[in-house]
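The values are calculated or read from the model by the stated rules, or taken from the named source; none is laboratory data. Predicted model, so just to flag it, every value in this text is computed and none were measured. Positions of Cβ are backbone-derived with ideal geometry, glycine not excepted, and every protein chain shown enters the neighbour counts. Note: areas computed on protein heavy atoms with side chains; ligands, DNA, RNA excluded. Shrake-Rupley method; radii C 1.70, N 1.55, O 1.52, S 1.80 Å.
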Amino acid sequence: DREEVQHHISVLLFVGLACGFSMLLFTGLFGAATLTAFTGLKNAHVVPAANTYVQIRGLAWPALLVGWVAQSARVDIMLKYFSIQ
């Protein structure tokens, strides 16, 4: 049972990391086009600054998603061991 739980956690960590890198890749490749479509052509002068901001924020996605998975796994483990019964 313990090995199965470890396997599920490792799979979820990999999925979180893969999704984070996918978001990083998406913001790097399509960030400017998406921002231009979102802001419109009248506000095209803000797109370079916004694109830089989005790319910097995109660097955090892998760590953020892996952190969320690890935190939820830790909370689950703590609830199983220290639940009030």
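Test G40 against the criterion of being under 13 Å from the mean Cα position of the chain (by Cα) and of a type outside the set (A, V, I, L, M, F, W, C), and give yes or no. Steps first, please.
Details: under 13 Å from the mean Cα position of the chain (by Cα): no; of a type outside the set (A, V, I, L, M, F, W, C): yes.
So G40 does not fit the description; no.
Looking only at region 43-85, count every residue that is among the small types (G, A, S) and either assigned to a loop (DSSP other than H, G, I, E, B) or under 13 Å from the mean Cα position of the chain (by Cα) (or both) and tell me the total. Give the steps one after another, and end with the answer.
Going through region 43-85, the residues among the small types (G, A, S) turn out to be 44, 49-50, 58, 60, 63, 67, 70, 72-73, 83.
Checking which are either assigned to a loop (DSSP other than H, G, I, E, B) or under 13 Å from the mean Cα position of the chain (by Cα) (or both) leaves us with 58, 60, 63, 67, 70, 83.
Final tally of qualifying residues: 6.
Return the residues of region 29-77 that are over 30 Å from E4 (Cα atoms), among the hydrophobic types (A, V, I, L, M, F, W, C), open to solvent by less than 70 Å² (accessible area, probe 1.4 Å) and in contact (Cβ under 8 Å) with a residue 24 or more places away in the chain; say none if nothing qualifies.
If the condition is that a residue be over 30 Å from E4 (Cα atoms), among the hydrophobic types (A, V, I, L, M, F, W, C), open to solvent by less than 70 Å² (accessible area, probe 1.4 Å) and in contact (Cβ under 8 Å) with a residue 24 or more places away in the chain, then V54 is the only one that fits.
Can you say whether K80 is open to solvent by 100 Å² or more (accessible area, probe 1.4 Å), over 30 Å from S10 (Cα atoms), charged (D, E, K, R) and free of Cβ contacts under 8 Å to residues at least 24 places away in the same chain, as far as the supplied structure shows? Step through it out loud before you land on a result.
Numbers: open to solvent by 100 Å² or more (accessible area, probe 1.4 Å): yes; over 30 Å from S10 (Cα atoms): no; charged (D, E, K, R): yes; free of Cβ contacts under 8 Å to residues at least 24 places away in the same chain: yes.
No; evaluated as a whole, the condition is false for this residue.
Per-residue answers, yes or no, for (1) out of contact with any helix residue (DSSP H, G or I) (no Cβ under 6 Å at 6 or more places or on another chain); (2) at pLDDT below 90:
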position	(1), (2)
A18	yes, no
A49	yes, no
T52	yes, no
L59	yes, yes
V66	no, yes
A70	yes, yes
R74	yes, yes
I84	yes, yes
